[in-house]
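Written out below as structure tokens is the structure these notes cover.
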Ligand code: XMP
């Protein structure tokens, strides 16, 4: 394991992904974790991430010197670099030498483990106010910029490395190579983390956890629950029953797809529960997004408990486990022990009630979305399932801004079906990560149709491009396609007289509106 120590910005996740792209397993830990605890995880290398603080600020996160003395190779980036510098006796000052964005870096490669085989001049992504003016004793300075004399240093003997910039971002042209040099040359690791190992490891872990008990798995039709179910099915076969809750918040045609395509692909035992009334009743009168998410999460569990009771009553053995397709970004974004802010309660993590009666099986908890897709492929799931765009567990319930009602759901389902159809027809499914279609149910605007005045609701299109949903940009999709979607929705969906485009990146906007 490579530990990525998170100093509180968005960088740690990206670093962890990049390490895995180098086929080395990585995990994120909060910077507040005691060093002894980090070392107890027996890491083969440690990476210190960037962060928003200044090393001299009061209350700025620090790191115990022992981390650098344990014989574990360490790579500091940005804040992590500066922290390494000051902790080991170098100097970091607020020199006014700020650098933000793309910056030319001059590299001195003689004897450098990180930069060997890369160009003398390369473009890197900087984001710092303080600067390192003297490297700690025993370190060689291996790069500089016009503004900072010490932009990278190495102590090859002690296996300590640092760079002032962000090698994990795309704009650092040789960033991935430098990270790989640290992992392979500096830390002596081999690129051996593959989807084959993930499947093997998870199958073994699931068998061990579940034993001869039974498990149920909630299927949503989405990629994550499908891959989780397929993994567990591979591990424990007929001890698994999948439950599909039709909560009425699904998109058009989705229920049929799960009932037919998924079962055909995997051969799982499937139980379909019609819970539309129940969810609508529970959501009646609620417009607050977090409350909606909590209610949906809670009702899900209740329905599962009922399904469990029924399966037991039908003569099955003890159902003790609940399989969930929780992903690593869900865990981290829900504040899963990393000290980062709780941005939203994802329904399968933070939204769980306290009195849950199942033990959870979460075989995707350590994986990023692209890894989940690779695992799905490895398990032989068809492309239509594995490459499907993400859809949130709370479904259309969090795509209606305002109260959720049957009428509004039907209306949104129609609009969503039109948008999806046109995007697919235009061949945009790969380019667009996902395109939430949102109904602003509490907003009305004046329009004119035929000869009459209308006073209807707007529909928002939110097409985004992303690698992992952690960050996203709005997709610059062709005007003609936007025009076709707009015309069709306003013509075909009653009570909708306006279609608007959400052109906000993430951050600052999240992908979903709630
Ligand atoms: P946000 O809106 O946080 O969404 O930018 C990031 C990704 O997560 C999906 N999403 C969810 N998925 N349960 C899920 O399984 C949820 O509660 C949930 N909320 C958001 C969203 O569609 C996007 O892909």
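The values are calculated or read from the model by the stated rules, or taken from the named source; none is laboratory data. All of these numbers come straight from a predicted model, not from anything done at the bench. Positions of Cβ are backbone-derived with ideal geometry, glycine not excepted, and every protein chain shown enters the neighbour counts.
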(request) Would you please list the contacts, defined by Cβ atoms under 8 Å and residues six or more apart or on different chains, that run from a residue in the range 256-269 that is at negative phi to a residue that is at pLDDT below 85 and assigned to a helix (DSSP H, G or I)? (result) 261/384; 261/385; 262/385; 265/385; 268/262
(message) Can you tell me which condition residue 17 does not meet? The list is (1) modelled with pLDDT of 95 or more; (2) assigned to a helix (DSSP H, G or I), and all the others hold.
(response) (1)
(request) Can you give me the ranges of the strands (runs of 3 or more DSSP E) entirely in the range 446-514 with at least 2 residues that are exposed (fewer than 12 other Cβ atoms within 10 Å of the Cβ)? (result) 452-461
(message) When the residues of the range 375-391 are narrowed to those that are within 16 Å of the ligand (Cβ to nearest atom) and in contact with a helix residue (DSSP H, G or I) (Cβ under 6 Å, 6 or more places away or on another chain), which ends up farthest from residue 286 (Cα to Cα)?
(response) 376
(message) What's the total number of residues in the range 315-331 that are at pLDDT 80 or above and away from the ligand (no atom under 16 Å from the Cβ)?
(response) 2
(message) Tell me yes or no: at least one residue of the range 397-408 is crowded, with 18+ Cβ neighbours inside 10 Å, in a loop (DSSP other than H, G, I, E, B) and within 16 Å of the ligand (Cβ to nearest atom).
(response) yes
(request) Search the range 321-337 for residues that are in a strand (DSSP E or B) and pair each with any residue that is modelled with pLDDT of 90 or more and within 12 Å of the ligand (Cβ to nearest atom) when their beta-carbon atoms are under 6 Å apart and the residues are at least 6 apart or on different chains. (result) 323/228
(request) Could you tell me whether residue 471 is modelled with pLDDT of 95 or more and within 16 Å of the ligand (Cβ to nearest atom)? (result) no
(request) Return yes or no: is residue 192 assigned to a loop (DSSP other than H, G, I, E, B) and either farther than 25 Å from residue 51 by Cβ or not assigned by TED's automatic domain parsing to the domain that holds residue 23 (or both)? (result) yes
